[in-house]
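Beneath this line is the structure, given in structure tokens, with notes to follow.
Values quoted throughout were computed directly from the atomic coordinates according to the rules given, and no laboratory measurement underlies them. Since we're looking at a predicted model, the values are computed, not measured. Positions of Cβ are backbone-derived with ideal geometry, glycine not excepted, and every protein chain shown enters the neighbour counts.
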Amino acid sequence: MSVRWGVVGPGRIASKVVRDFPHVPGAEVVAVASRSAERAAAFAAEHGIARSHGSYRAIVDDDGVDVLYIATPHPQHRAVALAALRSGKAVLVEKAFTVTPAATREIVAVAAETGLFAMEAMWTRFQPLIVRVQQLIADGALGEVEAVQADLGVRHPTDPTDRFYNPAVGGGALFDLGVYPISFAQMVLGIPDSVTAHGVLDQSGVDVEEAVQLGFPDGRSASLFSSLRCATPGQARIFGTAGWIDVLPRFHHPDTVVLHRTGHDPMEITLPRTGAGYTHELVEVTECVAAGRSESAIMPLVDTVAVQDVMGAVADQLGMIVQEGPADL
Ligand SMILES: NC(=O)c1ccc[n+]([C@@H]2O[C@H](COP(=O)([O-])OP(=O)(O)OC[C@H]3O[C@@H](n4cnc5c(N)ncnc54)[C@H](OP(=O)(O)O)[C@@H]3O)[C@@H](O)[C@H]2O)c1
């Protein structure tokens with residue numbers, strides 16, 4: 001039997017992600033929910049989805065759904081994820097998982113209590129080339145890995161009507177963009193023991209740009225940059241004692257990486273994505289839910305908590321206004 005998916009929050013990313021489901025064996029999108037019955041019906045008609053719901057509560061109560069893909073703004077993930085888990089549904093929660101470490105821990109605790117599957121939709125970790133990079137590191141291609149650099153910037157001038165500049169819907173560079181370099185560094189280097197942030201806030205209290213330095217045991221480090229005021233290449237580099245890897249733009253869904261090893265010619269590696277690249281995370285969730293697993297080994301909740309803790313420290317150091325959403329639908 002197929003794993004039956006429901007979509008919550010039919011916005012920009014949801015419409016891209018649902019187009020990858022035809023590439024996912026054993027998965028079917030059976031329902032969509034919006035805060036508006038009309039928007040839900042329009043999304044269902046556009047994407048050939050059988051049922052549409054005019055409230056998030058209705059899809060949480062829909063017994064014909066096994067797993068919800070939560071694609072609302074980040075502060076609004078919390079109420080849907082908690083309600084879904086409490087009503088017996090697995091969840092795939094868009095990045096940033098929440099906007100506070102406390103809300104992330106709350107969801108993780110309910111997932112543990114219920115034994116249900118929960119995962120952050122950090123699609124980068126499932127990209128074929130990123131999986132390859134991790135294999136190269138594990139095989140010792142770089143020697144001892146010492147440092148990571150990564151940037152992700154988009155020029156997005158101040159617009160108070162946009163969710164990027166509204167703390168009530170998780171605005172700012174950190175939660176939309178900075179989460180990628182931070183998660184990438186966490187994937188490679190583990191859990192940092194120090195966080196130092198330098199950045200600038202908009203008058204709304206959201207961050208428009210930050211440089212983040214992470215320190216790890218044994219002096220390893222990550223230098224990360226995210227911005228809404230300048231476009232940047234979106235490149236990552238991993239440095240080791242025997243060489244380095246360039247993850248060419250954009251590193252969060254790369255087409256090409258270049259391995260540079262001391263004494264060897266550079267080696268360019270390309271690997272295709274399936275669909276728009278969301279397929280790989282959807283396959284993982286579908287397989288985990290079908291097998292009754294409560295977590296992904298590739299994107300475990302402990303890593304999501306670690307990333308949220310870094311973002312919480314950055315937000316505190318910059319004095320950002322952070323508004324977590326309600327706990328209840
Ligand atoms: N993985 C990726 O590549 C990627 C890319 C972009 C965004 N994202 C993540 O996906 C999430 C959604 O981003 P998006 O760009 O798709 O946003 P969006 O276009 O604004 O869509 C979000 C949807 O959430 C619903 N919603 C619920 N409460 C809301 C509120 N208070 N204000 C506004 N909308 C609300 C709305 O649908 P209804 O009102 O119809 O229910 C809206 O269409 C974010 O967490 C973001 O970081 C991920």
In nm, give the distance between the simple-model label positions of LEU201 and ALA291, each being 7 Å from the Cα along the Cα-to-Cβ direction.
4.5
Go ahead and run the numbers for FRET between ALA112 and ASP63, Cβ-Cβ distance against an R0 of 30 Å, rounding to 0.05.
0.80
List the trypsin sites (Lys or Arg not before Pro) within segment 70-130 that DSSP assigns to loop and that have no more than 16 neighbouring Cβ atoms inside 10 Å.
none
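Return the FRET efficiency for the residue pair ASP316, ARG86: r is the Cβ-Cβ distance, R0 is 35 Å, and the value is rounded to the nearest 0.05.
Details: r = 30 Å, r/R0 = 0.85.
The pair ASP316/ARG86 has a calculated efficiency of 0.70.
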Between 0 and 90°, nearest 10: helix 301-318 axis offset from the chain longest Cα axis
70
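Tell me, in nm to one decimal, what length is gained between LEU329 and ALA45 on full extension, where the rule is 0.36 nm per residue of separation less the Cα-Cα distance?
Working: separation 284, 0.36 × 284 = 102.24 nm, distance 2.53 nm.
Full-extension gain reported as 99.7 nm.
Provide the gained length on full extension for the span LYS16 to SER36, in nm with one decimal, where the gain is 0.36 nm per separating residue minus the Cα-Cα distance.
Values: separation 20, 0.36 × 20 = 7.20 nm, distance 1.97 nm.
Full extension from LYS16 to SER36 adds 5.2 nm.
Just want the ordering: HIS198, HIS260, HIS53, from fewest to most Cβ atoms lying within 10 Å of their own Cβ.
Neighbour counts put them in this order, fewest first: HIS198, HIS260, HIS53.
With runs of 4+ DSSP H residues as the only contributors, calculate the mean residue ellipticity of the chain at 222 nm using -39,500 (n - 2.57) per run, divided by the residue total and rounded to the nearest 500.
On the way: 9 runs with 100 residues, N = 329.
Per the formula, -9000 deg cm²/dmol.
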As I understand it, the value is the acute angle between the Cα axis of helix 101-114 and the longest principal axis of the Cα atoms of the chain; what does it come to in degrees, rounded to 10?
60
Reduced Cα scattering model of segment 1-103, Debye log10 I(q)/I(0), q = 0.16, 0.17, 0.19, 0.20 Å⁻¹
-0.61, -0.69, -0.87, -0.96
Here, ILE269 and GLN213, labelled 7 Å along Cα→Cβ, have an inter-label distance in nm of 3.1
Extend 7 Å from the Cα of THR256 along its Cα-to-C-beta direction; within segment 144-171, residues with backbone N under 19 Å of that point are 151
Return the Cα extents of segment 121-161 along principal axes one, two and three, sorted largest first, each rounded to a whole Å.
48, 22, 12
For the residue pair SER223 and ASP159, what label-to-label distance in nm results when each label sits 7 Å from Cα along the Cα-to-beta-carbon direction?
3.3
